[in-house]
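One structure is given here, and the rest of the page talks about it.
The values are calculated or read from the model by the stated rules, or taken from the named source; none is laboratory data. If you're wondering where the values come from, they're calculated on a predicted model, not measured in any experiment. Here the Cβ positions follow ideal geometry from the backbone for every residue, glycine too, while neighbour counts run over all protein chains shown. For the accessible areas, the whole protein counts, side chains as well, though only heavy atoms, and no ligand, DNA or RNA atoms are used. Shrake-Rupley method; radii C 1.70, N 1.55, O 1.52, S 1.80 Å.
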Amino acid sequence: MIAFREKSLWVSLLITVVIATIYGDNIYYFLKAGQSADPQAVAALITRVVIAFIVLEVVLHIALAMGEQENANLPEDERERNYRLLANNIGYWVLSIGVIGCVLQQMANSYIEAQASYPAFLSSPIELKLVVVFWVSEAVRFATEIYYYRKES
Amino acid sequence: MSAQYKITNTIKTLRFFANEMTQQELASKVGVTRQTIMAIEKGKYSPSLEVAFKIALVFGRPFDEVFAYEKITD
């Protein structure tokens, strides 16, 4: 039987995949549109994605905890903490590189007069690119932690 | 090439001789999850000194009777 913490990670990873499946085509459309993307529509999409992520996380974790009340109340032990910190470290690197990349790209967009030759997604709204970077870093974090759990089983 | 060592343990045997104590019972006494005890038994996770001492304490045995640091290659 797998631990509650691992089940929780599978749920979180599943949610990130579900969110990507539902909103992935919209995000791709706006990334492809580049500068011509409507800022209000982008803001509305980001709001929907964030709300859907929070609602799914809360509802599914409540359901999971209700199914396993005894295990859900157990404190995290040293092995679980160790794996969480290792996964957080890798997720942090992905997030940092992504954010720095987005900021550098934004600076390049401002200073270099070569935007016409860019692929459209490089000039797409920075907030949308940051949401994608955050989503990727979360997926990497969940997947890494699950990898450590699976490695020992 | 330097010699390689591995942490081994006799937890499974000690559980058997302690009235066939279950992994869950040991986990509750030590304050970790059952999965952690299982990983330690299999040698796939090396516990902290604190957890290792707690395990030895549960069985009332000296530390080096429970855990050993053995050479696996020269």
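Per residue of the range A:123-131, in order, report the coupling 6.51 cos²θ - 1.76 cosθ + 1.60 (Karplus, θ = phi - 60°) as ³J(HN,Hα) in whole Hz, putting x for Gly and Pro.
For the range A:123-131, the Karplus-derived couplings read 9, 6, x, 4, 5, 6, 5, 5, 4 Hz, x marking Gly and Pro.
At 222 nm, what helix-only mean residue ellipticity would chain A give, in deg cm²/dmol to the nearest 500, using -39500 (n - 2.57) for each DSSP H run of four or more?
One gets -28500 deg cm²/dmol as the mean residue ellipticity at 222 nm.
Solvent-accessible area of residue B:41, probe 1.4 Å, all protein chains present, reported in Å² to the nearest ten, please.
Taking all protein chains as shown, residue B:41 has close to 40 Å².
Can you spot the lysines whose alpha carbon is less than 16 Å from residue A:129's alpha carbon? Ignore those fewer than 8 places along the same chain.
The qualifying lysines are A:32.
Could you tell me what fraction of 2.2 N^0.38 Å the Cα radius of gyration of chain A comes to, as a two-decimal ratio?
1.24
If you take every residue apart from residue A:131 with its C-beta less than 13 Å away from the C-beta of residue A:131, what net charge results, scoring Lys and Arg +1 and Asp and Glu -1?
Neighbour charge sum, excluding residue A:131 itself: 0.
Distance cut-off 21 Å, Cα to Cα: go down the list A:7/B:12; A:7/B:29; B:12/B:42; A:151/B:6; B:29/B:71 and report the pairs above it.
A:7/B:12; A:7/B:29; B:29/B:71
Tally Lys and Arg at +1 and Asp and Glu at -1 over the other residues with C-beta under 11 Å from the C-beta of residue B:59: what net charge comes out?
+3
Where Lys and Arg each count +1 and Asp and Glu each count -1, what net charge lies around residue A:52 among other residues with Cβ under 15 Å from its Cβ?
-2
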